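All remarks here apply to the structure that follows.
The values are calculated or read from the model by the stated rules, or taken from the named source; none is laboratory data. Keep in mind that this is a model prediction, so the values were computed, not measured. Methodologically, a virtual Cβ is constructed for each residue, glycine included, from the backbone with ideal geometry; neighbour enumeration extends over all protein chains shown. Accessible surface is based on the protein model in full, side chains and every heavy atom, while ligands, DNA and RNA are left aside. Shrake-Rupley method; radii C 1.70, N 1.55, O 1.52, S 1.80 Å.
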Amino acid sequence: MIKQYVLGAMTALTVVAASTASIAAEFPKKDLQGIIMWGAGGATDTVARAITPMVEKQLGKDVVLVNKSGGTGAISTAYVASRKSDGYTVLYGAENPQLHKVLNLSKIDYTDFYPVNILAHGIAVIVTNNDQPWNSLKELVADAQKRPGEIKMGSTGPGGLPHVVGSLLQSVTDYEVTSVPYGGEGPGLTALLGGHVDFMPAGLSAAAEHIKAGRLKVLAVVNDSELSALKGVAPITKDFPGFKKYLPWGPFYGVWVKRDTPDAVKAKLVAAYKEGAKSPKFIKMMQGRGNIMMNISGDEADAFLKKWQSITAWVLHEAGATKSSPADFGISKP
Amino acid sequence: MENPISYFFMSWSDPYLLLMTAAGTFAGVYVGAIPGLSVTMAVSILISFTFSWDTNEALALMVGVYMGGVYGGSRTAILLNIPCAPSAIATAIDGYPLAKRGEAGTAIGVATVMSFIGGLVGILVLAVAAPLVSEFALMFAPRDYLLLAVIGILLVGSLSGESLAKGVFAGALGVIIGMVGLDPLTAEGRFTFDSITMMGGIHYVTAMIGFFGVAEALAQLHHLETPAIKQKLERITPKWSVVKRYIPLSIRTSFIGVFIGALPGTGGDIAALMAYDHAKRSVKDPSRKFGEGAMEGLVAPESANNAAVGGAYIPMLTLGIPGDAVTAVFIGALYIHGLNPGPMLMIETPHLFWFTVGALMLANVFMLIFGLTGVRLFIKLVECPRAILVPLILILSVVGTYAIQNNVVDVYWMLGFGIFGYFLKIYGYQVGPVILGVILGPLMDVSYRRAIISTRESFGDFMLEMVTNPISALLSAALVFLVVSQTPMYKRWTNKRRSV
Amino acid sequence: MNEQRRLRPGEATFGYMLLIFSLFLLYNAFAISGFSSLSSPGVFPLVAASAMVVSALTIILKNRTAPQGEATTFSHRLRLFHSQILPLKPMVIYIAMVIGFMMVLEPFGFIPSALIFLFVSFWYLYAKGAVFALVLSIGSVAIVYALFRLVFKVVLPEMEWLDLEALGWEG
C-alpha cells in the first residue's frame, strides 16, 4: 500500500520534473496569444499583423492576435502582466508604456517585460501645410516667438510624439504655440491638410504619402543627418545644433513577454522573431512606411529602452508635462 | 487593361474574384447579424489570413465582408431589437415594432432593397465625385463636427417617448457613459475611480448590447408563456410599388450617408442616426407613427448606412485618410500588401481605385441576393419559444461583449446596463437616447474642446467663427432652424399658413 | 400625452434613486477638473451630469402630480412591485443565474460555464425535461464555440484550473 503510494508520488514528481525541463523543448505546444496595445488599423496594429505570419512559420503554431486598446496601452500591459509567465502571451507594443509611470497612468512599463524584439523605430518630421509661409524650422520658430501662442500645433495628447518633439525643441530654444490635441497622428495630419492646425511634428510613416504627393512640406527631419528618403530636407540639428543630444529619438515598435518567462522559451521566441523580421516582405513594408529596421533583442534592446525613457521622461518633466518626477521611479537623468 | 472599365469589371469577369466577393458578402451578412462580431474585427482577421494572397483576391474578400456586414446588423435589429452593428441602431427603433406585429419578413425585405439603393448611391458618388467630396470633407473644422453632433443629439427629442425629461436623462446618461475612461486629449481619467480597468472606458457596443439586447431579453421573461409572434412570410421581396414609394426618401438619406461617411471623423452609425432624424422631420405622413413601426424609419437608416460605405472609401482612396474604423483597417491591409495608400494612390495605382469600385458594386449586388434569400430560416429561429431564445440571446450577448476587447469587465458592464435598462424600459424611459449619447457625446466633447483650444480659450472668437466660416454658418443656420421648427410657435405659424 | 398613465409600482422610488445617482455623477464630474478652463476634460461631464440632475428633478416633480398607483400602503406597494416588476420567479432567480454565470466565466472557462448555464436555463425556463435541455445546450455551446473561437479566433476564457495539457492530453 505504502509502496504503491510512494511509487505513485515518485511518478508524479518525475512527470512534473520532466514537464518543467521539457517546457522549452516543446514550446510552443499550443497557439500563442498576441496582445496588440493599439486598435485595429493603427501603426502598431499594422506592424503586428505584418510580422505575425512570418513568425508563425518559425514557431509552427498560430499567434492569435487580439487588440486591447485603451489607456494608451496601459490596459494591454496590465493584462499581459497578469497572465502566466509561460511565453504564450506576447505583447505587441509601441513606445507609450515608457511614459506611463511619469504620467501616472500605470505602474507597469517595459522594465516588467523582456524585449523579444524591437523591430523598428520611426523618424519624426515636422510638417506644415503648403499655404504656410515658413520654409524652415528656424522661420517657424522665429514666427512663433514673434506672436506667441497664435500658431496652432497639431498634437496627439500628452506623451504623444508631437508633444515630445515639441517639448524637446522647447528645451533647446524658447517659443510658444497652442497645441491642439487630436486622436492620433492620422486625424491630426487630416486637420493639418484642412488648415485647422498650422504645423505638426509627426512620424514620417504617417506623413510620408502626403509629403510625396506635395500636399505637405517638411520643415525638418528630427535626425542628425539628411535622410535618403527626403533629399534636400534639413536635419533638425542644422538649425538647432543643441538638439543633437536627444538623437536618435523616435517612436518604436516591438514585441515583449513577461520578464520572468523561462530563458529557454525567451530564446525560442527571440529566434523566431529575429528570423521573421528578416523577411524581405516585412522589411519592404516597414521601410516603405519610413521606419528604420532595428531587429534587436535582450540587453541591447533593454539599453535602448532605458535611454529612450530617460531622455523623454526628463524632458517632459522639465516641460511640466508629467504628474510624477521620473526620479520617483529610479529613471536616471540623461 | 489600361482603361478604368476593364478594372471595374475585373472582379465580375474573373470567376475566382467573383467567388471571393460572394463569399465575403455572405460571411459579412452573418457576421453583421451576430452580436459582438464586428466588421472591423472580421476585416482585421482577414488581413493576417490573406497575407500571402494576391492583393486583388484579398481586397475582394474584404470589400464583400464590409458591404455585407454593414447590412447584416439590420436583421437582428429588426428581429430581436439587438442592433449588432452600431450602424443598425436606428434600424431597431422602427424595425423591432414591425417584427412585433409579425411583419419582420416585409421589414427585412424593404431594409435589404433600401440598403442596396443606399450602397448604389454611395458607390456612384465614390466613382464620380471622390476627389471633390474628399477636398470638401477636409474643410470641416472641429467646430463643424461639434455642430453636426449637436444636430444629431437633437434626435433625443424625438426618441424620448412619453416624456422629454426622461429622454434627456437617458441621453445625458449616455454622454457620461461615453466619457468614462482616459480623456483622449489629456489622458486625464474621467469616472475611472483610479482603477486600471476603468481606464479603457466603456465600448459603445457594450452599452448597446446591454441596453438593447439584455434589457429586452429580461423583459421577455414576463412573457414566457405567450407564444412567439407568428411572422408573415408570404412575401420577402417587396413589391415594386412599395419600393417606388420610398425611393425619394432613400435617395435623400443616401446622400446624407455618403457625406457623413466621407467625413474622416464620422461613420455609418452617425449617418444612420442623422438619416433617421431627417426622415422623422421631413416625412409628414409616415406609414405608421415613428417608433411604432414606420417603414420610413427603416428606409432612412438602412439607405444611409450602406451609402456610408461608399462614402468612407472616398477619403481613403483619394487621400489615404480613413473615413471610418473599417477603412482604417483597409489602409493597414494595403500597406501590408506593399501599396502606399495616400494621395498618390490614385496616381500611382489608378487600377486599384476602379477595382475597388467594381468590387463594391459586385458586393452590393450579392448583398441584395443574400439579403433576400435565407430570410425564412433566420426568422424561424426567432419563432422558437422564448424560454429557449432568452438564454441564447444572453449567451451570445456575453460572448459578443467579451469578443469586443477580450475583457471580462465589459461583460459585467453589459449585464449592469442590461438590468438597469430593464428598469428604465419598465418605467417608460427609452434606451435609444442612451446609445445616441454614447455615440455622439465623445464626438461633441472632443470637437468642442478642440474648437475652443483653437481659439485660445476665447468663447467670443469661438462663437464668431461659428457664423463667419461658410460651412459653420450653414450648419449653425440648420441647427437654429431645427430647434426653432420644434417650437410650438413655429408649428402654429406653419399650420396657419397651410390652412390659408 | 394628456392621458397620463398611472405610475407603476416603484416608479416614484426609481425617480429618487436616479436623482441620487445623478448627484453622485455630478460630484465625480466636478472632481475631474472643476471649472479650471473652458476646454478642461471636466466640462462635458459637468454639463451632462447637470442635465441628468435637472431632468431627474423634473421627473420627480411630474411623478408627484401624476395619477398614483393603486396601492396605498407600503407593504401593498412592495407586493405589487414583486408581482409586476421584479417577480422572484423567474426574474430574480434568472438574473441571479446570469450573474452567477459571469462570475464563473473566467475561473471555469467558457465551455463548462456556458454549458451549465444553458442547461440550467433551458431546464428551468422551458421545463421540457433534462435530456432535451442537455442536447440543446451542448448543441448551442458547440456552435457558439466553433463560430467564435475557431472561425473568428476570439480567445474565449479558457479552463485554466484544469490544465489538460499538463495531464498529457493533446488538444
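Structure above, values below:
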| read-out | value |
| --- | --- |
| Rel. contact order, % - alpha carbon contacts under 8 angstrom, at least six apart, the range B:12-86 | 44 |
| Entries in B:K284/B:K496; A:K68/A:K107; B:K100/C:K62; A:K84/A:K274; A:K152/A:K231; A:K57/A:K284 that, when Cα-Cα distance is taken, lie over 21 Å | B:K100/C:K62; A:K84/A:K274; A:K152/A:K231 |
| Whole-Hz couplings from phi, Karplus 6.51/-1.76/1.60, listed for the range B:215-232; x for Gly and Pro | 4, 5, 4, 5, 4, 5, 4, 5, 10, 4, 7, 5, x, 5, 5, 6, 8, 6 |
| Heavy-atom accessible area order for A:E139, B:E216, A:E185, largest first, 1.4 Å probe | A:E139, A:E185, B:E216 |
| Carbon plus sulfur fraction of accessible area for the range B:1-102, probe 1.4 Å, in percent | 69 |
| Nearest-20 debye value, chain A charge dipole, Cβ charges on Lys, Arg, Asp, Glu | 720 |
| Cα gyration tensor, the protein assembly as shown - rounded (a/c under 1.5), prolate or oblate | rounded |
| Counted charge near B:F355, where neighbours are those whose Cβ lies closer than 13 Å (Asp, Glu -1; Lys, Arg +1) | -3 |
| B:L182 long-range amide H proximity, modeled H, under 5 Å | A:G71, B:R190, B:G201 |
| Relative packing of peptides B:187-196, B:256-265 - highest average C-beta neighbours within 10 Å first | B:256-265, B:187-196 |
| Dipole magnitude (debye, nearest 20) for the protein assembly as shown, charges at Cβ of Lys, Arg, Asp, Glu | 2520 |
| Area hidden from solvent between A and B (accessible, protein heavy atoms only, 1.4 Å, total, Å²) | 3700 |
| Distance in nm between pseudo-label sites at C:F35 and B:R376 (7 Å out along the Cβ direction from Cα) | 6.7 |
| Label-point separation, A:E176 to B:V480 (7 Å along Cα→Cβ), nm | 3.5 |
| Gyration tensor (alpha-carbon) shape descriptor, the range B:333-450, a/c threshold 1.5 | oblate |
| FRET efficiency, 1/(1 + (r/R0)^6) with R0 60 Å, evaluated for B:S52 and B:F459 via beta carbons | 0.60 |
| Two-site FRET efficiency, C:T73 against C:I93, from Cβ-Cβ distance with R₀ of 30 Å, rounded to 0.05 | 0.65 |
| Sulfur and carbon atoms: percent of accessible area, the range B:460-500 [1.4 Å] | 69 |
| Dimensions in Å of the range A:124-246 - Rg and Dmax from alpha carbons | 12.9, 34 |
| Rounded tilt (10° steps) of A:263-276 against the dominant C-alpha axis of chain A | 50 |
| Within-14-Å neighbourhood charge of B:S447 [Cβ basis; K, R +1; D, E -1] | -1 |
| Label-to-label distance, nm, for residues given as C:Y124 and C:S50 (7 Å Cα→Cβ offset) | 4.5 |
| Amide H contacts under 5 Å for A:L65, placed H, 5+ residues apart | A:G34 |
| 222 nm mean residue ellipticity, helices alone, for chain C (DSSP H n ≥ 4; -39,500 (n - 2.57); rounded to 500) | -20000 deg cm²/dmol |
| Shielded residues, the range B:210-256 - accessible-area loss of 10 Å² or more between chain alone and all protein chains, probe 1.4 Å | B:L218, B:L221, B:H222, B:L224 |
| Taking chain A and dividing mean pair separation by its residue count, relative contact order in percent (alpha carbons under 8 Å, at least six apart) | 24 |
| Where only C-alpha atoms are counted, convex hull volume of chain C per residue in Å³ | 248 |
| Under Karplus coefficients 6.51, -1.76 and 1.60, residue-wise ³J(HN,Hα) of the range A:151-156 in Hz, glycine/proline x | 7, 9, 9, x, 9, 10 |
| Relative contact order computed over chain B (Cα-Cα under 8 Å; 6+ residues apart), in percent | 27 |
| C-alpha center-to-center spacing [the range B:150-219, the range B:349-399] in angstrom | 27 |
| Listed residue (B:A262, A:L193, B:T206) projecting farthest to the positive dipole end of the protein assembly as shown, Cβ model | B:T206 |
| For A:N117, residues with placed amide H under 5 Å, excluding near neighbours | A:V255 |
| Summed residue charge, Cβ within 11 Å of C:F81's Cβ, Lys/Arg positive, Asp/Glu negative | +2 |
| Of A:W249, A:A124, C:S37, farthest towards positive along the dipole that unit charges on Lys, Arg, Asp, Glu beta carbons give the protein assembly as shown | C:S37 |
| Most mobile of A:P162, A:P280, A:P28 in a GNM of chain A (Cα contacts under 10 Å) | A:P280 |
| Dipole of the protein assembly as shown [Lys/Arg +1, Asp/Glu -1 at C-beta], most positive-end residue of A:S332, C:V98, B:F191 | C:V98 |
| Residues listed by number, the range C:80-110, amide nitrogen under 12 Å from A:S82 label point at 7 Å toward C-beta | C:106-107 |
| Residues of the range C:115-146 buried by at least 10 Å² on assembly (accessible area, 1.4 Å probe, chain alone as reference) | C:F117, C:L118, C:F122, C:L125, C:Y126, C:L136, C:S140, C:V144 |
| Calculated FRET value between A:K107 and A:D131, using beta carbons and R₀ = 41 Å, to 0.05 | 0.35 |
| Under DSSP loop assignment and at most 12 Cβ neighbours within 10 Å, longest GluC sites (Glu not before Pro)-free interval of chain C | C:71-159 |
| Cα gyration tensor shape for the range B:150-218, rounded if a/c is under 1.5, else prolate or oblate | oblate |
| Residue-normalised accessible area of chain A, given per residue in Å² at a 1.4 Å probe | 38 |
| A:T77 accessible area, assembled protein chains, probe 1.4 Å, Å² | 0 |
| Relative packing of B:198-204, B:233-239, C:35-41, which averages over residues the other C-beta atoms within 10 Å, highest first | B:198-204, C:35-41, B:233-239 |
